[in-house]
Amino acid sequence: MTLPIRLDVDTPAAPPRSNGELVFAEPWESRAFAMAVVAGEAGAFAWEDFRQALIARIAAKPDARYYLSWLEALEQVLAVEGEVRERAARLAARPAGHDHMID
């Protein structure tokens, strides 16, 4: 299977690697990585938009853990999608203590 996305290997957005293989310090990092790849493949956002958001996050917080920046970039590109904004607005408008079911 060929991915419609390309992972950087020599830019600030390049994921950590060891001997050419991706490296994850904790299990949540691999899950965050997979979520972004799957969402990108599904067309939830343009991969280039994610890449640019990631580069900006890394530049803004160069000492932050890579995958924390990765998650922030993912949240950013997903938040610009209209459906996500609309759903968040509906949830925010619910009265305090309301159940967690979404209409």
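Output the qualifying pairs, or none if there are none: Cβ atoms under 6 angstrom, residues six or more apart or on different chains, first residue in segment 28-46 and of a type in the set (D, E, K, R), second residue crowded, with 17+ Cβ neighbours inside 10 Å.
Once the first residue is of a type in the set (D, E, K, R) and sits in segment 28-46, its partners that are crowded, with 17+ Cβ neighbours inside 10 Å give Glu29/Tyr67.
In this structure, is Phe45 surrounded by 14 or more Cβ atoms within 10 Å (Cβ to Cβ), modelled with pLDDT of 90 or more and among the aromatic types (Phe, Trp, Tyr)?
For Phe45, the condition - surrounded by 14 or more Cβ atoms within 10 Å (Cβ to Cβ), modelled with pLDDT of 90 or more and among the aromatic types (Phe, Trp, Tyr) - is not met.
Do you know which of the residues in segment 92-102 that are of a type in the set (A, V, I, L, M) and not in a helix (DSSP H, G or I) is modelled with the lowest pLDDT?
Filtering first and then ranking leaves Ile102.
Going through segment 66-91 one residue at a time, which ones are modelled with pLDDT of 80 or more and among the hydrophobic types (A, V, I, L, M, F, W, C)?
Leu68, Trp70, Leu71, Ala73, Leu74, Val77, Leu78, listed by residue number.
Restricting attention to segment 27-54, report how many residues are among the aliphatic types (A, V, I, L, M) and either outside any helix (DSSP H, G or I) or touching a Ser or Thr at 6+ places or on another chain (Cβ under 7 Å) (or both).
Residues meeting the conditions: 4.
The values are calculated or read from the model by the stated rules, or taken from the named source; none is laboratory data. The structure presented is a predicted model; accordingly, all values stated were derived computationally and were not measured. Glycine gets a Cβ as well: all are built from the backbone with ideal geometry, and neighbour counts include every protein chain shown.
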